[in-house]
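Remarks on the structure that follows.
The values are calculated or read from the model by the stated rules, or taken from the named source; none is laboratory data. This is a predicted model, so every value here is computed, not measured. Here Cβ is always computed from backbone atoms with ideal geometry, including for glycine, and neighbour counts include all displayed protein chains.
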Amino acid sequence: MDRIQKNVQTNIVLIGMAGAGKSTVGRELAKQSSLTFVDVDTVIEHSQNMLLQELFNNLGIQGFRDLEEKTLLSLDFQNHIIATGGSAIYSQAGMEHLKKTGVMVLLDVSLALLQKRVGDFSTRGLVKSGNQSFEQLFAERQPLYAKHADLIIDCTDQSVSDICLSIKSSLSDTFYHL
């Protein structure tokens, strides 16, 4: 965590697969730390007045990724908890932009638990190519998440409260408001 600088990075950016708990943990962490929560998927849905799955169907993978990157690059927040979409890590420019003002926290969840949480991922709004399986998507994304993460939180057998506590204790020296 050498890269983290006091007073420059005031956001906590949650990354990870669909089903990792980014939105759930983000809302609770924001509540506990009196910060504002932003869900990037919700921002996209509201800006386009469409659900993610409809956007994928209408725009295709590259069209959605372009929209997601544009949205990421438009974010200009301080003192926020930001939950990214699972596919945000495909945007190098978007990740670099978020890292300027935020610490990237990977919520690391096992494939088996993600599959259980996500269920039928064909209606979940996952950015994936053709007949790509959830397992293949997981294998493709894991190295990207690790590359962008400043902090990795092992969420195995942890409650939402435990995960928030892990994040807060890991970042308490950096973030005065935690």
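Taking the stated definitions as given, is THR84 crowded, with 17+ Cβ neighbours inside 10 Å and of a type in the set (S, T, N, Q)? Outline the logic, then answer.
Numbers: crowded, with 17+ Cβ neighbours inside 10 Å: yes; of a type in the set (S, T, N, Q): yes.
Here the answer is yes, as THR84 does meet what is asked.
Yes/no matrix, rows are residues, columns are (1) closer than 19 Å to GLY85 by Cβ; (2) modelled with pLDDT of 85 or more; (3) of a type in the set (S, T, N, Q):
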{"residue": "VAL118", "(1), (2), (3)": "yes, no, no"}
{"residue": "LYS128", "(1), (2), (3)": "yes, no, no"}
{"residue": "PRO143", "(1), (2), (3)": "yes, yes, no"}
{"residue": "ASP162", "(1), (2), (3)": "no, yes, no"}
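Can you go through SER91, SER47, SER34, SER87 and tell me which one is touching a residue at least 12 places away in the same chain (Cβ under 8 Å), more than 20 Å from SER133 (Cα to Cα) and within 16 Å of the chain's Cα centre (by Cα)?
Just a single option satisfies the conditions, and that option is SER91.
Take SER110 and decide whether it is hydroxyl-bearing (Ser, Thr, Tyr) and over 20 Å from GLY16 (Cα atoms).
So SER110 does not fit the description; no.
Okay, residues lined up against (1) of a type in the set (S, T, N, Q); (2) assigned to a helix (DSSP H, G or I); (3) touching a Pro at 6+ places or on another chain (Cβ under 7 Å); (4) on the phi < 0 side of the Ramachandran plot:
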{"site": "PHE56", "(1), (2), (3), (4)": "no, yes, no, yes"}
{"site": "GLY60", "(1), (2), (3), (4)": "no, yes, no, no"}
{"site": "ASP66", "(1), (2), (3), (4)": "no, yes, no, yes"}
{"site": "LYS70", "(1), (2), (3), (4)": "no, yes, no, yes"}
{"site": "LEU73", "(1), (2), (3), (4)": "no, yes, no, yes"}
{"site": "GLY94", "(1), (2), (3), (4)": "no, yes, no, yes"}
{"site": "VAL105", "(1), (2), (3), (4)": "no, no, no, yes"}
{"site": "LYS116", "(1), (2), (3), (4)": "no, yes, no, yes"}
{"site": "VAL127", "(1), (2), (3), (4)": "no, no, no, yes"}
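Hey, ARG3 hits all of (1) within 28 Å of GLU140 (Cβ to Cβ); (2) surrounded by fewer than 19 Cβ atoms within 10 Å (Cβ to Cβ); (3) in contact with a Leu (Cβ under 8 Å, 6 or more places away or on another chain); (4) modelled with pLDDT under 95 but one; which does it fall short on?
(3)
Just checking, which of LYS116, LYS70 is basic (Lys, Arg) and over 14 Å from GLY19 (Cβ atoms)? Write out each step before concluding.
On the way: LYS116 fails: over 14 Å from GLY19 (Cβ atoms).
Just a single option satisfies the conditions, and that option is LYS70.
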